[in-house]
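Structure, as C-alpha coordinates:
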Amino acid sequence: MLTISNNDIVLAQVANDKQQAIKSIANNLIDKGYVGSGYLDGMLAREAQNSTFLGSGIAIPHGTTDTRDQVKKTAIVVHHFPQGVDWGDGNKVYLAIGIAAQSDQHLAILKQLTKVLSADGVEQQLQEANSAEEIVDLLNSKLQTEILFTSDLIQCAFPATDILQLTAVVAGLIKNQDAVENDFIAALINKEATYLGQGLWLTSSNQGIKKSALALVTVATPFTYQDKPVKGLLSIASNNKLHLNNLEILITLLQTEKIESLFSASATEIISLLTQQQPTGMQQVFTIKNPHGLHARPGAMLVHTAKQFTSQIQMINLNGSGKSVNAKSLMKVMTLGVQVGHQLQFSAEGEDAAQALEAIGKAIAQGLGETTV
(Lines give C-alpha, C1' and ligand atoms only; values in the text may rest on other atoms or scores of the structure.)
Protein backbone atom coordinates (compact mmCIF):
# COMPACT_ATOMS: atom_id res chain seq x y z
CA MET A 1 0.00 0.00 0.00
CA LEU A 2 1.17 3.51 -0.79
CA THR A 3 2.49 5.35 2.25
CA ILE A 4 3.07 9.04 2.72
CA SER A 5 6.24 10.55 4.15
CA ASN A 6 7.06 14.00 5.44
CA ASN A 7 8.80 14.74 2.13
CA ASP A 8 5.45 14.48 0.34
CA ILE A 9 3.93 17.30 2.39
CA VAL A 10 4.15 20.97 1.46
CA LEU A 11 2.85 23.23 4.23
CA ALA A 12 1.59 26.81 4.35
CA GLN A 13 0.71 27.10 0.66
CA VAL A 14 -1.21 30.01 -0.83
CA ALA A 15 -3.06 30.05 -4.16
CA ASN A 16 -5.44 32.57 -5.72
CA ASP A 17 -7.54 29.88 -7.39
CA LYS A 18 -7.60 26.16 -8.07
CA GLN A 19 -5.74 26.46 -11.37
CA GLN A 20 -2.80 28.06 -9.59
CA ALA A 21 -2.96 25.38 -6.88
CA ILE A 22 -3.00 22.59 -9.47
CA LYS A 23 -0.04 24.07 -11.33
CA SER A 24 1.92 24.18 -8.06
CA ILE A 25 1.05 20.54 -7.34
CA ALA A 26 1.90 19.41 -10.87
CA ASN A 27 5.26 21.16 -10.73
CA ASN A 28 5.98 19.40 -7.46
CA LEU A 29 5.22 16.01 -9.05
CA ILE A 30 7.44 16.92 -12.02
CA ASP A 31 10.32 18.16 -9.84
CA LYS A 32 10.25 14.93 -7.83
CA GLY A 33 10.48 12.88 -11.02
CA TYR A 34 7.10 11.22 -10.57
CA VAL A 35 5.65 12.52 -13.86
CA GLY A 36 6.65 14.11 -17.15
CA SER A 37 5.97 17.74 -18.00
CA GLY A 38 2.85 16.82 -19.98
CA TYR A 39 1.06 15.74 -16.82
CA LEU A 40 0.25 19.36 -15.96
CA ASP A 41 -2.00 19.69 -19.01
CA GLY A 42 -3.67 16.42 -18.02
CA MET A 43 -4.40 17.66 -14.51
CA LEU A 44 -5.89 20.92 -15.79
CA ALA A 45 -7.92 19.06 -18.41
CA ARG A 46 -9.23 16.63 -15.80
CA GLU A 47 -10.33 19.49 -13.59
CA ALA A 48 -12.11 21.11 -16.53
CA GLN A 49 -14.04 17.87 -17.13
CA ASN A 50 -15.33 17.56 -13.58
CA SER A 51 -14.30 19.03 -10.26
CA THR A 52 -11.94 16.90 -8.18
CA PHE A 53 -13.39 18.32 -4.97
CA LEU A 54 -14.16 15.40 -2.65
CA GLY A 55 -15.86 17.28 0.15
CA SER A 56 -14.85 18.23 3.69
CA GLY A 57 -12.29 20.74 2.39
CA ILE A 58 -10.34 18.17 0.36
CA ALA A 59 -9.58 17.85 -3.36
CA ILE A 60 -7.69 15.18 -5.31
CA PRO A 61 -6.37 16.77 -8.54
CA HIS A 62 -4.97 14.21 -10.98
CA GLY A 63 -4.43 13.67 -14.69
CA THR A 64 -6.64 12.26 -17.41
CA THR A 65 -6.39 8.71 -18.73
CA ASP A 66 -4.75 10.16 -21.84
CA THR A 67 -1.81 11.40 -19.78
CA ARG A 68 -1.11 8.22 -17.85
CA ASP A 69 1.89 7.66 -20.09
CA GLN A 70 3.41 10.70 -18.37
CA VAL A 71 3.42 8.89 -15.00
CA LYS A 72 6.86 7.50 -14.16
CA LYS A 73 6.04 6.35 -10.64
CA THR A 74 2.78 6.02 -8.72
CA ALA A 75 2.91 8.66 -6.02
CA ILE A 76 1.10 11.51 -4.32
CA VAL A 77 2.02 14.93 -3.03
CA VAL A 78 0.02 16.83 -0.44
CA HIS A 79 -0.31 20.61 -0.45
CA HIS A 80 -1.72 22.25 2.64
CA PHE A 81 -3.62 25.54 2.20
CA PRO A 82 -4.47 26.89 5.70
CA GLN A 83 -6.36 29.86 4.24
CA GLY A 84 -8.25 27.71 1.77
CA VAL A 85 -8.56 27.79 -2.02
CA ASP A 86 -11.77 28.48 -3.94
CA TRP A 87 -12.44 25.24 -5.84
CA GLY A 88 -15.62 26.45 -7.51
CA ASP A 89 -19.32 25.94 -6.72
CA GLY A 90 -18.82 27.47 -3.28
CA ASN A 91 -16.33 24.80 -2.22
CA LYS A 92 -13.15 25.66 -0.35
CA VAL A 93 -10.14 23.33 -0.23
CA TYR A 94 -7.64 23.21 2.61
CA LEU A 95 -5.84 20.04 1.57
CA ALA A 96 -5.13 19.20 -2.08
CA ILE A 97 -3.75 15.74 -2.74
CA GLY A 98 -2.10 15.46 -6.15
CA ILE A 99 -2.21 11.92 -7.52
CA ALA A 100 0.00 10.35 -10.17
CA ALA A 101 -1.11 6.79 -10.88
CA GLN A 102 -0.49 4.18 -13.55
CA SER A 103 -3.45 2.07 -14.81
CA ASP A 104 -5.99 1.53 -12.02
CA GLN A 105 -3.53 1.88 -9.15
CA HIS A 106 -5.26 5.09 -8.15
CA LEU A 107 -8.27 3.12 -6.87
CA ALA A 108 -6.28 1.77 -3.94
CA ILE A 109 -4.85 5.24 -3.33
CA LEU A 110 -8.30 6.82 -3.33
CA LYS A 111 -9.73 4.13 -1.09
CA GLN A 112 -6.93 4.66 1.41
CA LEU A 113 -7.28 8.44 1.38
CA THR A 114 -11.07 8.69 1.43
CA LYS A 115 -11.40 6.10 4.17
CA VAL A 116 -9.33 8.36 6.40
CA LEU A 117 -10.61 11.74 5.23
CA SER A 118 -14.28 10.79 5.44
CA ALA A 119 -14.02 10.17 9.18
CA ASP A 120 -15.68 12.68 11.48
CA GLY A 121 -13.45 15.50 12.66
CA VAL A 122 -10.52 14.72 10.36
CA GLU A 123 -11.10 17.75 8.14
CA GLN A 124 -10.63 20.14 11.04
CA GLN A 125 -7.52 18.29 12.19
CA LEU A 126 -6.03 18.57 8.71
CA GLN A 127 -6.99 22.20 8.29
CA GLU A 128 -5.38 23.16 11.60
CA ALA A 129 -2.30 20.94 11.24
CA ASN A 130 0.95 22.72 12.02
CA SER A 131 3.42 20.06 10.95
CA ALA A 132 4.00 17.49 8.23
CA GLU A 133 4.04 14.80 10.92
CA GLU A 134 0.44 15.55 11.91
CA ILE A 135 -0.76 15.26 8.32
CA VAL A 136 1.29 12.13 7.64
CA ASP A 137 -0.11 10.38 10.70
CA LEU A 138 -3.66 11.14 9.64
CA LEU A 139 -3.23 10.17 5.99
CA ASN A 140 -1.38 6.96 6.83
CA SER A 141 -4.16 5.92 9.23
CA LYS A 142 -1.91 5.97 12.26
CA LEU A 143 -4.83 7.57 14.04
CA GLN A 144 -7.74 5.12 14.13
CA THR A 145 -10.90 6.57 12.64
CA GLU A 146 -13.24 3.56 12.66
CA ILE A 147 -13.58 0.43 14.71
CA LEU A 148 -11.78 -2.71 13.54
CA PHE A 149 -14.25 -5.41 12.52
CA THR A 150 -13.32 -7.82 9.74
CA SER A 151 -13.99 -11.46 8.87
CA ASP A 152 -10.87 -12.37 10.87
CA LEU A 153 -12.73 -11.21 13.97
CA ILE A 154 -15.67 -13.53 13.40
CA GLN A 155 -15.89 -17.23 14.24
CA CYS A 156 -19.09 -18.94 13.17
CA ALA A 157 -20.49 -22.22 14.54
CA PHE A 158 -17.77 -22.76 17.14
CA PRO A 159 -18.26 -26.05 19.08
CA ALA A 160 -18.31 -24.45 22.54
CA THR A 161 -20.12 -25.91 25.53
CA ASP A 162 -19.66 -23.10 28.07
CA ILE A 163 -19.33 -19.33 28.19
CA LEU A 164 -15.69 -19.42 29.31
CA GLN A 165 -14.69 -21.18 26.09
CA LEU A 166 -16.45 -18.53 24.05
CA THR A 167 -14.77 -15.76 26.04
CA ALA A 168 -11.34 -17.26 25.41
CA VAL A 169 -12.03 -17.61 21.69
CA VAL A 170 -13.41 -14.09 21.22
CA ALA A 171 -10.50 -12.61 23.18
CA GLY A 172 -8.06 -14.63 21.08
CA LEU A 173 -9.58 -13.31 17.84
CA ILE A 174 -8.95 -9.72 18.94
CA LYS A 175 -5.46 -10.51 20.27
CA ASN A 176 -4.53 -12.16 16.95
CA GLN A 177 -5.22 -8.86 15.19
CA ASP A 178 -2.73 -7.13 17.50
CA ALA A 179 -5.55 -4.94 18.79
CA VAL A 180 -5.10 -5.63 22.50
CA GLU A 181 -2.55 -6.50 25.16
CA ASN A 182 -2.77 -9.42 27.58
CA ASP A 183 -4.45 -7.13 30.11
CA PHE A 184 -7.55 -7.13 27.92
CA ILE A 185 -7.74 -10.92 27.85
CA ALA A 186 -7.33 -11.12 31.61
CA ALA A 187 -10.10 -8.55 32.09
CA LEU A 188 -12.52 -10.53 29.92
CA ILE A 189 -11.78 -13.84 31.62
CA ASN A 190 -12.40 -12.31 35.06
CA LYS A 191 -15.56 -10.47 34.04
CA GLU A 192 -19.09 -11.87 33.83
CA ALA A 193 -20.67 -11.67 30.39
CA THR A 194 -23.91 -9.67 30.10
CA TYR A 195 -27.02 -11.18 28.56
CA LEU A 196 -28.47 -8.88 25.89
CA GLY A 197 -31.35 -11.08 24.84
CA GLN A 198 -32.36 -13.43 22.02
CA GLY A 199 -29.37 -15.68 22.73
CA LEU A 200 -26.69 -12.97 22.43
CA TRP A 201 -24.22 -12.18 25.21
CA LEU A 202 -21.80 -9.26 25.53
CA THR A 203 -18.37 -8.89 27.12
CA SER A 204 -16.15 -5.82 26.96
CA SER A 205 -13.16 -4.03 28.46
CA ASN A 206 -11.24 -0.78 28.06
CA GLN A 207 -8.00 -2.23 29.42
CA GLY A 208 -4.95 -3.02 27.30
CA ILE A 209 -6.42 -1.50 24.13
CA LYS A 210 -4.14 -0.87 21.15
CA LYS A 211 -6.93 -0.56 18.57
CA SER A 212 -10.68 -0.47 19.12
CA ALA A 213 -12.25 -3.67 17.79
CA LEU A 214 -15.32 -5.89 17.72
CA ALA A 215 -15.36 -9.68 17.65
CA LEU A 216 -18.19 -12.20 17.48
CA VAL A 217 -18.32 -15.94 18.06
CA THR A 218 -21.47 -17.95 17.35
CA VAL A 219 -21.97 -21.50 18.59
CA ALA A 220 -22.53 -24.69 16.63
CA THR A 221 -25.08 -25.90 19.16
CA PRO A 222 -26.86 -23.50 21.56
CA PHE A 223 -26.46 -24.18 25.27
CA THR A 224 -27.68 -22.63 28.54
CA TYR A 225 -25.84 -20.32 30.95
CA GLN A 226 -27.51 -18.80 34.01
CA ASP A 227 -30.81 -20.25 32.76
CA LYS A 228 -30.54 -18.25 29.53
CA PRO A 229 -29.76 -19.45 26.00
CA VAL A 230 -26.27 -18.92 24.55
CA LYS A 231 -26.10 -18.62 20.77
CA GLY A 232 -23.29 -16.10 20.43
CA LEU A 233 -20.88 -13.84 22.29
CA LEU A 234 -19.99 -10.32 21.14
CA SER A 235 -16.89 -8.63 22.52
CA ILE A 236 -16.02 -4.93 22.43
CA ALA A 237 -12.46 -3.72 22.93
CA SER A 238 -12.50 0.06 23.13
CA ASN A 239 -11.24 2.98 25.17
CA ASN A 240 -12.84 5.67 23.00
CA LYS A 241 -16.17 6.36 21.26
CA LEU A 242 -15.61 4.40 18.06
CA HIS A 243 -17.92 1.58 19.20
CA LEU A 244 -20.94 3.76 20.00
CA ASN A 245 -22.41 3.59 16.50
CA ASN A 246 -22.21 -0.21 16.64
CA LEU A 247 -24.04 -0.21 19.97
CA GLU A 248 -26.83 1.89 18.48
CA ILE A 249 -27.16 -0.59 15.63
CA LEU A 250 -27.13 -3.49 18.09
CA ILE A 251 -29.93 -1.87 20.10
CA THR A 252 -31.98 -1.53 16.92
CA LEU A 253 -31.48 -5.21 16.14
CA LEU A 254 -32.59 -6.12 19.66
CA GLN A 255 -35.64 -3.86 19.54
CA THR A 256 -36.73 -5.27 16.18
CA GLU A 257 -35.96 -8.83 17.31
CA LYS A 258 -33.50 -9.41 14.47
CA ILE A 259 -30.57 -10.68 16.56
CA GLU A 260 -31.38 -14.21 15.40
CA SER A 261 -30.18 -13.27 11.91
CA LEU A 262 -26.61 -13.00 13.25
CA PHE A 263 -26.47 -16.68 14.09
CA SER A 264 -27.15 -17.93 10.58
CA ALA A 265 -25.35 -15.20 8.63
CA SER A 266 -22.00 -15.35 6.86
CA ALA A 267 -19.06 -13.25 8.10
CA THR A 268 -19.72 -10.60 5.44
CA GLU A 269 -23.40 -10.44 6.37
CA ILE A 270 -22.54 -10.17 10.07
CA ILE A 271 -20.22 -7.23 9.39
CA SER A 272 -23.02 -5.52 7.47
CA LEU A 273 -25.55 -6.18 10.24
CA LEU A 274 -23.35 -4.77 13.00
CA THR A 275 -21.73 -1.82 11.25
CA GLN A 276 -24.64 -0.11 9.54
CA GLN A 277 -28.32 0.51 9.79
CA GLN A 278 -29.97 -1.90 7.39
CA PRO A 279 -31.19 -0.60 4.02
CA THR A 280 -34.81 0.44 3.81
CA GLY A 281 -37.06 1.50 0.98
CA MET A 282 -36.74 0.45 -2.64
CA GLN A 283 -33.65 -1.50 -3.64
CA GLN A 284 -31.93 -2.37 -6.92
CA VAL A 285 -28.59 -3.87 -7.93
CA PHE A 286 -26.44 -2.61 -10.81
CA THR A 287 -23.13 -3.88 -12.21
CA ILE A 288 -20.24 -1.48 -12.86
CA LYS A 289 -18.78 -1.86 -16.37
CA ASN A 290 -16.18 0.92 -16.27
CA PRO A 291 -12.75 -0.61 -17.07
CA HIS A 292 -11.09 1.19 -14.15
CA GLY A 293 -14.00 0.96 -11.77
CA LEU A 294 -15.40 3.93 -9.88
CA HIS A 295 -12.43 6.27 -9.87
CA ALA A 296 -12.99 9.98 -9.32
CA ARG A 297 -14.66 10.89 -12.63
CA PRO A 298 -17.37 8.19 -12.88
CA GLY A 299 -17.74 8.37 -9.11
CA ALA A 300 -18.49 12.07 -9.37
CA MET A 301 -20.99 11.40 -12.16
CA LEU A 302 -22.75 8.84 -9.98
CA VAL A 303 -22.91 11.23 -7.04
CA HIS A 304 -24.16 14.01 -9.32
CA THR A 305 -26.99 11.76 -10.50
CA ALA A 306 -27.97 10.82 -6.93
CA LYS A 307 -27.98 14.46 -5.81
CA GLN A 308 -30.70 15.31 -8.30
CA PHE A 309 -33.24 13.54 -6.08
CA THR A 310 -34.58 14.32 -2.62
CA SER A 311 -34.74 10.69 -1.50
CA GLN A 312 -32.15 9.28 0.85
CA ILE A 313 -29.93 7.00 -1.22
CA GLN A 314 -27.50 4.45 0.21
CA MET A 315 -25.22 2.08 -1.69
CA ILE A 316 -23.34 -1.12 -0.87
CA ASN A 317 -20.55 -2.80 -2.82
CA LEU A 318 -21.73 -6.42 -2.73
CA ASN A 319 -18.23 -7.50 -3.78
CA GLY A 320 -16.57 -5.50 -1.04
CA SER A 321 -16.87 -5.00 2.70
CA GLY A 322 -20.67 -4.84 2.70
CA LYS A 323 -20.53 -1.34 4.18
CA SER A 324 -23.40 1.01 3.31
CA VAL A 325 -22.53 4.60 2.38
CA ASN A 326 -24.34 7.75 1.32
CA ALA A 327 -24.51 7.73 -2.50
CA LYS A 328 -24.57 11.54 -2.48
CA SER A 329 -21.10 11.80 -0.94
CA LEU A 330 -18.19 11.30 -3.34
CA MET A 331 -15.82 10.83 -0.42
CA LYS A 332 -17.96 8.01 0.99
CA VAL A 333 -18.47 6.40 -2.42
CA MET A 334 -14.73 6.30 -3.06
CA THR A 335 -14.13 4.30 0.13
CA LEU A 336 -15.91 1.30 -1.41
CA GLY A 337 -13.08 0.50 -3.84
CA VAL A 338 -15.47 -0.38 -6.66
CA GLN A 339 -13.85 -2.18 -9.59
CA VAL A 340 -15.14 -3.35 -12.96
CA GLY A 341 -17.68 -6.13 -12.57
CA HIS A 342 -18.57 -5.25 -9.00
CA GLN A 343 -22.26 -5.23 -8.11
CA LEU A 344 -23.67 -2.22 -6.28
CA GLN A 345 -26.88 -2.39 -4.29
CA PHE A 346 -28.74 0.92 -4.09
CA SER A 347 -31.47 1.65 -1.56
CA ALA A 348 -33.67 4.72 -1.96
CA GLU A 349 -36.29 6.00 0.43
CA GLY A 350 -38.44 9.02 -0.35
CA GLU A 351 -41.08 10.36 -2.69
CA ASP A 352 -38.85 10.12 -5.77
CA ALA A 353 -37.13 6.84 -4.85
CA ALA A 354 -38.27 4.98 -7.97
CA GLN A 355 -37.12 7.77 -10.27
CA ALA A 356 -33.78 7.97 -8.46
CA LEU A 357 -33.05 4.26 -8.90
CA GLU A 358 -34.11 4.41 -12.54
CA ALA A 359 -31.78 7.39 -13.20
CA ILE A 360 -28.86 5.74 -11.39
CA GLY A 361 -29.34 2.53 -13.34
CA LYS A 362 -29.44 4.46 -16.61
CA ALA A 363 -26.31 6.46 -15.73
CA ILE A 364 -24.39 3.29 -14.86
CA ALA A 365 -25.56 1.55 -18.04
CA GLN A 366 -24.33 4.54 -20.05
CA GLY A 367 -20.90 4.34 -18.46
CA LEU A 368 -21.00 7.32 -16.10
CA GLY A 369 -19.32 9.49 -18.71
CA GLU A 370 -16.87 6.83 -19.91
CA THR A 371 -16.67 4.13 -22.57
CA THR A 372 -17.49 0.82 -20.88
CA VAL A 373 -16.65 -2.80 -21.63
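The values are calculated or read from the model by the stated rules, or taken from the named source; none is laboratory data. Note that this is a predicted model, so its numbers are computed, not measured. Here Cβ is always computed from backbone atoms with ideal geometry, including for glycine, and neighbour counts include all displayed protein chains. Protein only, heavy atoms only, side chains kept; ligands, DNA and RNA dropped before computing areas. Shrake-Rupley method; radii C 1.70, N 1.55, O 1.52, S 1.80 Å.
Here are some notes:
- Cα-only Debye scattering, the chain: base-10 log of I(q)/I(0) at q = 0.11 Å⁻¹: -0.84
- Entries in Lys307/Lys362; Lys191/Lys241; Lys92/Lys241; Lys228/Lys258 that, when Cα-Cα distance is taken, lie over 24 Å: Lys92/Lys241
- For the chain, modelled as a GNM whose springs connect Cα atoms under 10 angstrom apart, the maximal fluctuation among Ile99, Ile288, Ile251 occurs at Ile251.
- Paramagnetic reach from Thr372 in the stretch 280-301 [backbone N under 11 Å; point 7 Å along Cα→Cβ]: 286-291
- Here the extension length gained between Ala157 and Gln345 equals 64.9 nm, from 0.36 nm per residue of separation less the Cα-Cα distance.
- Restricting the calculation to Cα atoms, the stretch 136-247 yields a radius of gyration followed by a Dmax of 14.2, 52 Å.
- GNM remark for the chain: springs join alpha carbons under 10 Å apart, and the peak mean-square fluctuation among Thr287, Thr256, Thr167 falls on Thr256.
- Charges were assigned to the Cβ only: +1 to each Lys and Arg, -1 to each Asp and Glu. The resulting dipole of the chain about its Cα centre is roughly 460 debye.
- The angle separating the long axis of helix 353-365 from the principal Cα axis of greatest extent in the chain is about 60 degrees.
- Theoretical FRET efficiency, 1/(1+(r/R0)^6), r = Cβ-Cβ of Gln20 and Glu257, R0 56 Å, to 0.05: 0.45
- Cβ-based charge dipole, the chain, positive-most Cα from Ala101, Ala327, Ile154: Ala101
- Distance (nanometres) between label positions extended 7 Å along Cα→Cβ at Lys32 and Asn206: 3.9
- Counting only aspartates and glutamates at least 8 places from Lys72 when in the same chain, those with an alpha carbon closer than 17 Å to its own are Asp8, Asp31, Asp41, Asp104.
- Percent accessible area from carbon and sulfur atoms, the chain, protein chains only, probe 1.4 Å: 46
- Gain on full stretching of the segment that runs from Gln125 to Ala12 - 0.36 nm per residue minus C-alpha separation: 39.2 nm
- Across the stretch 199-297, the convex hull enclosing all Cα atoms gives 179 Å³ per residue.
- Between Ala220 and Leu196, the C-beta separation translates, for a Förster distance of 22 Å, into a calculated FRET efficiency of about 0.65.
- Here's the list of lysines a cross-link from Lys73 could span, going by alpha-carbon distance under 18 Å and ignoring same-chain residues fewer than 8 apart: Lys32.
- Kirkwood Rh and Cα Rg combined as Rg over Rh, evaluated for the stretch 245-305: 1.12
- If you run the Gaussian network model on the chain, springs between alpha carbon atoms under 10 Å, then out of Gln177, Gln70, Gln144 the most flexible one is Gln177.
- Approximate spin-label separation Ala267-Thr74, in nm, with each point projected 7 Å along Cα-to-Cβ: 2.4
- Gyration tensor (alpha-carbon) shape descriptor, the stretch 1-84, a/c threshold 1.5: oblate
- Accessible area (Å², per residue) of the chain, counting only protein heavy atoms and a probe of 1.4 Å: 45
- Folded to 0 to 90 degrees: helix 163-176 orientation relative to the chain principal axis, Cα: 20
- Amide hydrogen neighbours beyond the local backbone of Ser204, cut-off 5 Å, H modeled: Ile236
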